[in-house]
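Peer 1: Here's a structure for you.
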Amino acid sequence: MFDFGEEGTATGEVTAVEEPSLIEHTWVWDGVPDSVVRWELAADGADDPVAATWS
């Protein structure tokens with residue numbers, strides 16, 4: 001659960017984990033189509049250590 005206080009709460013489930021570089025989860029917010037968020041972590045020293053895709 002992601003609690004944004006007065007703005008509301010999003011829920012979801014983890015759908016993929018590949019240690020140590022990836023986590024993917026669903027994103028469910030009332031009144032908005034469900035989506036999937038994918039976080040990819042790069043090695044230390046990378047220019048962009050975290051990349052997120054939302055679909």
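Peer 1: Among the GluC sites (Glu not before Pro) in the chain, which ones are in a DSSP loop with at most 12 other Cβ atoms within 10 Å of the Cβ? Mind listing them? Walk me through the numbers on the way to the answer.
Peer 2: Numbers: sites: Glu6, Glu7, Glu13, Glu18, Glu24, Glu40; in loops: Glu13.
Qualifying residues, ordered by number: Glu13.
Peer 1: Now a separate question. Hey, of (i) 24, 19, 12; (ii) 25, 12, 10; (iii) 30, 15, 11, which did the structure itself give for semi-axes √(5λ) of the Cα gyration tensor in Å when calculated?
Peer 2: Only one listed value fits the structure, namely (ii).
Peer 1: What spacing in nm lies between the two simple spin-label points modelled at Val37 and Ser21, each 7 Å away from Cα in the Cβ direction?
Peer 2: Rounded to a tenth, the inter-label distance reads 2.2 nm.
Peer 1: Rounded to a whole number, what % of the accessible area of the chain do carbon and sulfur atoms account for, probe 1.4 Å? Please report the intermediate quantities before stating the final value.
Peer 2: Numbers: 2330 of 4400 Å².
On the chain, the fraction of accessible area on carbon and sulfur atoms equals 53 percent.
Peer 1: Note the full-extension length gain between Thr53 and Thr11 as 0.36 nm times their separation in residues minus their Cα-Cα distance, in nm to one decimal. Present the calculation step by step, with values, prior to reporting the outcome.
Peer 2: On the way: separation 42, 0.36 × 42 = 15.12 nm, distance 1.73 nm.
Computed gain between Thr53 and Thr11 is 13.4 nm.
Peer 1: Pairs of alpha-carbon atoms within less than 8 angstrom and 6+ residues apart define the contacts here; what relative contact order does the stretch 12-55 have, in percent?
Peer 2: Working: 74 pairs, mean separation 12.4, N = 44.
In percent, rounded to a whole number, it is 28.
Peer 1: In the chain, which chymotrypsin sites (Phe, Trp or Tyr not before Pro) are in a loop and have at most 15 other Cβ atoms within 10 Å, using DSSP for the loop call? Can you show the working numbers first?
Peer 2: Working: sites: Phe2, Phe4, Trp27, Trp29, Trp39, Trp54; in loops: Phe4, Trp29.
Listed in order of number, the matching sites are Phe4.
Peer 1: Could you give the accessible area per residue of the chain, probe 1.4 Å, as a whole number in Å²?
Peer 2: Solvent-accessible surface per residue comes out at 80 Å².
The values are calculated or read from the model by the stated rules, or taken from the named source; none is laboratory data. None of these values were measured; they are calculated from a predicted model. Please note: Cβ atoms are built from the backbone with ideal geometry, for glycine as well, and neighbour counts cover all protein chains shown. These area figures cover heavy atoms from the full protein model, side chains too; ligands, DNA and RNA do not enter into them. Shrake-Rupley method; radii C 1.70, N 1.55, O 1.52, S 1.80 Å.
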